[in-house]
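A short write-up of the structure that comes next.
Quick note: the coordinates plus some simple rules give every number you see, no bench work behind them. Model, not experiment: these values are computed from the prediction. Positions of Cβ are generated from backbone atoms using ideal geometry, with glycine treated the same way; all protein chains shown enter the neighbour counts.
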Amino acid sequence: MMEYSKYSFWLETCSEDLAPRRSLEKSTDVDVAILGGGYTGLWTAYYLLRSNPRLRVAVIEKEIVGYGASGRNGGGVRRSSRLHQRCWNIATGAMQHARSCCHEGSGR
């Protein structure tokens, strides 16, 4: 199994369990299936469920949430930036919130 925490800074500093969730073993009925657990997929799921909590939404990710490009490059915040800490807080808060939304829907 891959050590996801060594893959990117975002995953290294994440306090969540990075173990992959169980695979789909059979067909499942959902109202919306979203392919990809990056920013676009997670925010899409978040806003769909926020607008209609009764929707059955599945986020399908090959690896783990935040593994792809979203986990490697969340915007180019550099320490030399005067807004570094504020940007960092916003970016990490968004990723943690998105992950918690996915965990709530996964039965964990």
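Things to note:
- From most to least packed by mean Cβ count within 10 Å, the peptides 48-55, 59-66 give 59-66, 48-55.
- Treating each Cα of region 1-75 as one equal point scatterer and applying the Debye formula with no solvent, the log10 of I(q)/I(0) at q = 0.15, 0.20, 0.22, 0.24 Å⁻¹ comes out as -0.57, -0.93, -1.05, -1.14.
- Region 31-48 - phi-based ³J(HN,Hα) in whole Hz, Karplus 6.51/-1.76/1.60, Gly and Pro as x: 7, 9, 10, 10, 9, x, x, x, 4, 4, x, 5, 5, 4, 4, 4, 6, 4
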